[in-house]
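Right, one structure below, let's go through it.
Only the coordinates and a few stated rules stand behind these numbers; no lab work does. Since the structure is predicted, the reported quantities are computational estimates derived from the model, not experimental observations. Here the Cβ positions follow ideal geometry from the backbone for every residue, glycine too, while neighbour counts run over all protein chains shown.
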Amino acid sequence: MFSQLENNHRVFQSAYKVYYSSETVLLQVHSDILQSLDKKQSIILGFLDLSAVFDTVSIDILLSTQFVKLNESSSSTHNLKTGIPQGSVLGPVLYLLYTAFIADIIKCYNFNYHIYADETRLYISFEAVHNPDSVKSHTENCISDIYRWMILHGLKLNQDKTIFSLIHSKFHPHPPLDHIQVGNDLIPFSTSATNLGVIFDETLSFEECEEHLQVITLSPQKYLQDPQIPTKELCGSPYPVLCHL
């Protein structure tokens, strides 16, 4: 099972694998985008969000049973009607195998991609001066195929939380694109998107990320340095860990 997972995702799935982590995703995506910017290219970056993915997997496609074992004792086996075993070490792996075909669709459209658990990032670079509308249509066709595959396999793409960002060099004009169509919805390009806690803005400047880090760093400092703030208020603040310093 694990060898099959490796064959399907290779290095582009960073969850549930030895020596891979969220850091792998961030470094890979960031490096790929920087290389494209160095070539004076723009990038469409998409973050696909799935709804209740672990609960909606079709058992007609992925046969699955579940039982609980404690030491030498085991419960009776139960057939699952939908979803995958919760709390099982195999649960996430079964999900990845079930959704492996999404990666095949993405590769057919020559997108770069990186998956972390149930979060999929896909991105494509293009010359902004060479018919960007064709890249937009190409992206929409890829998303449309993923959307149809999910419907056929009992999964749902959450358009409300799916985000697209148009990244470009701050030294070049913004490509004349404003949205991506997903199903019947028009999703406007976001000026920034959060990738596993790191804010990717449209010029990859990380200015928003730096401002966010400053707020997180300076706010607790303010509480510690202001003697007028009573301990009770400090303990009820968003920084209760400070009470234990």
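Worth pointing out:
- For the set 17/161; 136/161; 17/156; 39/136, the pairs lying more than 22 angstrom apart at their alpha carbons are 17/161; 17/156.
- A simple spin-label model places the labels of residue 185 and residue 129 3.7 nm from each other, with each point 7 Å out along Cα-to-Cβ.
- Gyration tensor verdict on region 152-207 (Cα atoms; rounded if a/c is under 1.5, prolate if a/b is larger than b/c, oblate otherwise): oblate
- Distance between modelled label sites at residue 205 and residue 137, nm, 7 Å Cα→Cβ extension: 3.4
- Residue 178 versus residue 38: modelled label distance in nm, points set 7 Å from Cα along the beta carbon direction: 3.5
- Region 26-43 - phi-based ³J(HN,Hα) in whole Hz, Karplus 6.51/-1.76/1.60, Gly and Pro as x: 4, 5, 5, 5, 4, 5, 4, 5, 4, 4, 5, 4, 5, 8, 6, 9, 9, 9
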